[in-house]
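Asker: Handing you this structure, nothing more for now.
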Protein chains: 2
Amino acid sequence: MLDHTHAADAVSWIESANIQGVDFPIQNLPYCAFQNNDTVARLGVGIGDQILDLSACAQAGLLSALPDSIVQTLQQSTMNAFMSLNRAAWRQTRHHFFSMLVSEGPQADQTIKFRSEVLVAQADVSLVMPMDIGDFTDYECSHHHAVRMRKIMSGTSKPLANGFYLPRAYHGRASSVVVSGEPIYLPLGQIEEEKEIPAYKPSEKFDYELELGIIIGAGNKRGHPIAIDDAEDNIFGFCLVNDWSARDIQKWERLPLGPFLGKSHATSMSPWIVTLEALAPFRAPQTHPGADWPEPLEYLSSDRNRAEGALDVAIDVYLSSEKMRENDDEPHKNSSNRLLDVHWTISQIVAQHTSGGCNLRPGDLIGSGTISGPAPHESACLYELSEGGKTTFNLPNGEIRSFLQVGDEVTFRGASIKEGYPRIGFGEVVGRVLPPVGSK
Amino acid sequence: MLDHTHAADAVSWIESANIQGVDFPIQNLPYCAFQNNDTVARLGVGIGDQILDLSACAQAGLLSALPDSIVQTLQQSTMNAFMSLNRAAWRQTRHHFFSMLVSEGPQADQTIKFRSEVLVAQADVSLVMPMDIGDFTDYECSHHHAVRMRKIMSGTSKPLANGFYLPRAYHGRASSVVVSGEPIYLPLGQIEEEKEIPAYKPSEKFDYELELGIIIGAGNKRGHPIAIDDAEDNIFGFCLVNDWSARDIQKWERLPLGPFLGKSHATSMSPWIVTLEALAPFRAPQTHPGADWPEPLEYLSSDRNRAEGALDVAIDVYLSSEKMRENDDEPHKNSSNRLLDVHWTISQIVAQHTSGGCNLRPGDLIGSGTISGPAPHESACLYELSEGGKTTFNLPNGEIRSFLQVGDEVTFRGASIKEGYPRIGFGEVVGRVLPPVGSK
């Protein structure tokens, strides 16, 4: 729903929010959790290069226009309590922060008086995990990714029939989801060496996967599926996700139970949560990988989903090697990807997840799956780009890669962009590959 | 390690703990969380038909021989804090409870004085989830189960090569793990109707899976694998698990990412946590499904694991239909199963889980996988017993089953039994199949 908080001409009294192309203009207002010297994290809202400190706002009386039931949730160390509210509360809160940060008005005047108490520079704090993740689920919503992966892993070009009727997924590991910047240790695991005989060793096919993270709001009770047109009321917001994948470990272990240790060593997420409200201008009709795509079953189908179920988010993948960083080389852009290339929508993802009675809880993280486009160079992981390791590519300094090596750093940066609206940035998720650690 | 708390001749001043064949003699001392009229759960220790109320014990000063750091963890509403300690603390605490409940001695005399404050009858309280589960993982450790499942699902008799070298597993769903007695709603889902075309409907192949649940203690840091001989120091205890499975949903969705909605609707666990200490008399050498089984890789291999890595636990499966209960018929024993038929040990499960760097946290639940034995009638799920639905069996009253129907109730009861030692019971896990609920 578009309202005054999406107006392109709105500007903030915080100058850095008004710079053309900034990630966090006043129309965005993403949430984060941050730590300064405190041991306990606080919640904040990103604006330009600053963070609005929500606990400090509450202490200064700047949130008194909001109900206590909301204000209490904003003074926690994680977003889970606020996420457990509802769309009306989230929208009311967004409107209030907008009024505090917009260029003029009584709330803005009041906030400016307390600016030294309630604003902290992003550069001065650490961003930490914004929520406790009860469960992490990873989908595979790009048909293009699924088809290419299947060809490489199983040698067949025929897509599996189920993928035409449902977004496939597997349960991921919640304990090892970490925030951007945390070290990524190259995983060890069983890798097939001779035919049907494995060795335990460091992965030689270590990969990233570019995904959008969906973060659940109130959720549902066990046994009570969420109808497709109620799904978005249970989605709080979004982040960027790097689903690090050891392809050689994955290949040996994957049958019959799916990905496990090839994925569970680490998953990185960006620290900023962009709300569904902020993305209202970037809705689009559901896309289809081909004209002969079958109609979805009724529980995955709705007029609203067809008309505006998709979101337009552009995300780029950057690589830098240790050598590149030593030489101050710019990171290399490895691919440019668009969420519109992914067929299944966020509403279908939620409806499918709960269709058997599974309960979602506030703060649950759901990955979209690798956001690969139709063309091979639009692949959002190296396994596709290198055809399973058959081909190589060059970094700008001549270094050769099929997969990641120790010292490589992977960065995803994303934004929603549309003529007539300010850019809504997602910030970035960064991870650097470190050598494996020894036994505990 | 055997000590005086395992002595067969030890008896309790609580008479119900001394009855031959009781689940909870003084040698067991399993933990639980219970609720009376309070809204907040308390922790307890099972003894005979009673529960020792640990918060009440602390208030009565009966835990003053234990360090404060331990006593604090026993006054929580979940076991997670106590689980996060270490084996020395768990053993010290066990020894203290033993001294309080054994037939004579100063601690026992003191406890008897407060018996009306610190004992509650199990019949008078509700048992609730004993811990918050950060992550639930489900293994497939029985070769016999894996081979029969593969034959039915994929039509091939050749086992997958990876199963000879590692215990396979997939991430499960933590949000829908419920305690014994909670209702189990028959799941709906996509089921293949015509060739490669599904319909969304209630499962017609709804199944149980009998498993042992391993509950993690302190766990490890991300990136730091746990060595096989350190694994047991990270295992707090055990429960019984029913991994409810909709086979028709599972069959359609399972490739390439493994089980998802066929499993995530619900998993039941027994409310009692039997500690690893209590099972010390029931250690056994690792078993092998066949003489030609390959040697494990080094990280899954140790002398200690070979010599005493296995645990002898016997678990029976009981079924009752609605009609049977109306007629007061006894539940029908559907199978008798032994954990010794499962090849991979609890130490190998933990070593494998962390071998890629995945971190385990206190209270994590790990299922052993279906505890099927070598003979078809020792199958611990209906999918095997009915060969995927090809065959039927009769309940004692003549009712016919291949899979579960609405109204059916499934009960698992388990115990470790050995000549010269008292029986160590696990209690039971019960679940009744209810009709699917409508949309939220």
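The values are calculated or read from the model by the stated rules, or taken from the named source; none is laboratory data. On a predicted model such as this, the values are computed, not experimentally measured, just so you know. Cβ placement follows ideal geometry from the backbone for every residue including glycine, while neighbour counts extend to all protein chains displayed.
Asker: Need a quick list: strands (runs of 3 or more DSSP E) entirely within the range A:171-223 having at least 1 residues that are within 8 Å of chain B (Cβ to nearest Cβ) and in contact (Cβ under 8 Å) with a residue 24 or more places away in the chain.
Answerer: Where strands (runs of 3 or more DSSP E) fall fully within the range A:171-223 and carry at least 1 residues being within 8 Å of chain B (Cβ to nearest Cβ) and in contact (Cβ under 8 Å) with a residue 24 or more places away in the chain, they are A:177-179, A:188-194, A:197-202.
Asker: Here is a list of conditions, (1) in contact (Cβ under 8 Å) with a residue 60 or more places away in the chain; (2) acidic (Asp, Glu); (3) outside any helix (DSSP H, G or I); (4) surrounded by fewer than 23 Cβ atoms within 10 Å (Cβ to Cβ), and B:Glu295 meets all of them except one; can you say which number that is?
Answerer: Among (1) in contact (Cβ under 8 Å) with a residue 60 or more places away in the chain; (2) acidic (Asp, Glu); (3) outside any helix (DSSP H, G or I); (4) surrounded by fewer than 23 Cβ atoms within 10 Å (Cβ to Cβ), the lone unmet condition for B:Glu295 is (1).
Asker: Also, quick follow-up: Out of B:Thr111, B:Thr78, B:Thr73, which single residue is closer than 20 Å to B:Ile133 by Cα and more than 22 Å from the chain's Cα centre (by Cα)?
Answerer: Result of the check over B:Thr111, B:Thr78, B:Thr73: B:Thr73.
Asker: So for the range A:260-271 (the condition being surrounded by 15 or more Cβ atoms within 10 Å (Cβ to Cβ), within 14 Å of another protein chain (Cβ to nearest Cβ), within 21 Å of the chain's Cα centre (by Cα) and without any contact (Cβ under 8 Å) to a residue 12 or more places away in the chain), does at least one residue qualify?
Answerer: Within the range A:260-271, one or more residues are surrounded by 15 or more Cβ atoms within 10 Å (Cβ to Cβ), within 14 Å of another protein chain (Cβ to nearest Cβ), within 21 Å of the chain's Cα centre (by Cα) and without any contact (Cβ under 8 Å) to a residue 12 or more places away in the chain.
Asker: Further, regarding this structure: Considering every residue within the range B:420-438, establish whether at least one is within 14 Å of another protein chain (Cβ to nearest Cβ), over 20 Å from the mean Cα position of the chain (by Cα), small (Gly, Ala, Ser) and farther than 21 Å from B:Ser372 by Cβ.
Answerer: There is at least one residue in the range B:420-438 that is within 14 Å of another protein chain (Cβ to nearest Cβ), over 20 Å from the mean Cα position of the chain (by Cα), small (Gly, Ala, Ser) and farther than 21 Å from B:Ser372 by Cβ.
Asker: Within the range A:332-355, track down each residue that is more than 19 Å from the chain's Cα centre (by Cα) and under 27 Å from A:Pro376 (Cβ atoms).
Answerer: Result: A:His332, single match.
Asker: Looking for something surrounded by fewer than 24 Cβ atoms within 10 Å (Cβ to Cβ), closer than 30 Å to A:Leu297 by Cβ and in contact with a Phe, Trp or Tyr (Cβ under 7 Å, 6 or more places away or on another chain) - is there at least one such residue anywhere in the range A:378-389?
Answerer: There is no residue in the range A:378-389 that is surrounded by fewer than 24 Cβ atoms within 10 Å (Cβ to Cβ), closer than 30 Å to A:Leu297 by Cβ and in contact with a Phe, Trp or Tyr (Cβ under 7 Å, 6 or more places away or on another chain).
Asker: Continuing with the same structure: Please go through the range B:144-159 and give me each residue that is within 11 Å of chain A (Cβ to nearest Cβ) and touching a residue at least 12 places away in the same chain (Cβ under 8 Å), ordered by number.
Answerer: Scanning the range B:144-159 gives B:Ala146, B:Met149, B:Met153, B:Pro159.
Asker: Which one of these is touching a helix residue (DSSP H, G or I) at 6+ places or on another chain (Cβ under 7 Å) and either surrounded by fewer than 22 Cβ atoms within 10 Å (Cβ to Cβ) or at pLDDT 95 or above (or both): B:Glu182, B:Glu192, B:Glu211?
Answerer: Result of the check over B:Glu182, B:Glu192, B:Glu211: B:Glu192.
Asker: Now a separate question. Would you mind stating whether B:Ala231 is more than 8 Å from chain A (Cβ to nearest Cβ), surrounded by fewer than 22 Cβ atoms within 10 Å (Cβ to Cβ) and of a type in the set (A, V, I, L, M)?
Answerer: Against the criterion (more than 8 Å from chain A (Cβ to nearest Cβ), surrounded by fewer than 22 Cβ atoms within 10 Å (Cβ to Cβ) and of a type in the set (A, V, I, L, M)), B:Ala231 does not qualify.
Asker: Further question: Quick test of your reading of the structure: B:Ile112 fulfils all but one of (1) among the aliphatic types (A, V, I, L, M); (2) within 30 Å of B:Val430 (Cα to Cα); (3) in contact (Cβ under 8 Å) with a residue 40 or more places away in the chain. Name the failing condition by number.
Answerer: All conditions are met except number (2).
Asker: In this structure, does B:Asp329 turn out to be more than 19 Å from the chain's Cα centre (by Cα), in contact (Cβ under 8 Å) with a residue 12 or more places away in the chain and in the same structural domain as B:Gln405 (by TED's automatic domain parsing)?
Answerer: It is true that B:Asp329 is more than 19 Å from the chain's Cα centre (by Cα), in contact (Cβ under 8 Å) with a residue 12 or more places away in the chain and in the same structural domain as B:Gln405 (by TED's automatic domain parsing).
Asker: Further, regarding this structure: Are any residues in the range B:248-259 more than 9 Å from every other protein chain (Cβ to nearest Cβ) and either touching a Gly at 6+ places or on another chain (Cβ under 7 Å) or free of Cβ contacts under 8 Å to residues at least 24 places away in the same chain (or both), and if so, which ones?
Answerer: B:Gln250
Asker: Consider A:Asp138 against the criteria (1) within 30 Å of A:Gly163 (Cβ to Cβ); (2) surrounded by fewer than 18 Cβ atoms within 10 Å (Cβ to Cβ): it satisfies all of them except one. Which criterion is unmet?
Answerer: All conditions are met except number (2).
Asker: For the range A:354-387, enumerate the residues that are at the interface with another protein chain (Cβ under 10 Å from one of its Cβ atoms), out of contact with any Pro (no Cβ under 6 Å at 6 or more places or on another chain) and either farther than 11 Å from A:His145 by Cα or without any contact (Cβ under 8 Å) to a residue 60 or more places away in the chain (or both).
Answerer: If we filter the range A:354-387 for residues that are at the interface with another protein chain (Cβ under 10 Å from one of its Cβ atoms), which is where we start, we get A:354-361, A:364, A:369.
Adding the requirement that they be out of contact with any Pro (no Cβ under 6 Å at 6 or more places or on another chain) leaves A:358-361, A:364, A:369.
Of everything in the range A:354-387, those that are at the interface with another protein chain (Cβ under 10 Å from one of its Cβ atoms), out of contact with any Pro (no Cβ under 6 Å at 6 or more places or on another chain) and either farther than 11 Å from A:His145 by Cα or without any contact (Cβ under 8 Å) to a residue 60 or more places away in the chain (or both) turn out to be A:Cys358, A:Asn359, A:Leu360, A:Arg361, A:Asp364.
Asker: May I ask you to verify whether A:Gly163 is closer than 23 Å to A:Thr287 by Cβ and either more than 9 Å from every other protein chain (Cβ to nearest Cβ) or touching an Asp or Glu at 6+ places or on another chain (Cβ under 7 Å) (or both)?
Answerer: So A:Gly163 passes the test.
Asker: I'm checking my understanding of the structure. Among residues of the range A:144-165 that are in contact with a Lys or Arg (Cβ under 7 Å, 6 or more places away or on another chain) and assigned to a helix (DSSP H, G or I), which one is modelled with the highest pLDDT?
Answerer: Of everything passing the filter in the range A:144-165, A:Asn162 is modelled with the highest pLDDT.
Asker: Against the condition free of Cβ contacts under 8 Å to residues at least 24 places away in the same chain and more than 18 Å from B:Val118 (Cα to Cα), how does B:Gln27 come out, does it pass?
Answerer: On the way: free of Cβ contacts under 8 Å to residues at least 24 places away in the same chain: no; more than 18 Å from B:Val118 (Cα to Cα): yes.
Taking the combined requirement at face value, the residue does not satisfy it.
Asker: Filter the range A:7-50 for residues that are within 23 Å of A:Gln75 (Cβ to Cβ), out of contact with any helix residue (DSSP H, G or I) (no Cβ under 6 Å at 6 or more places or on another chain) and β-branched (Val, Ile, Thr) and give the result.
Answerer: A:Ile14, A:Thr39, A:Val40
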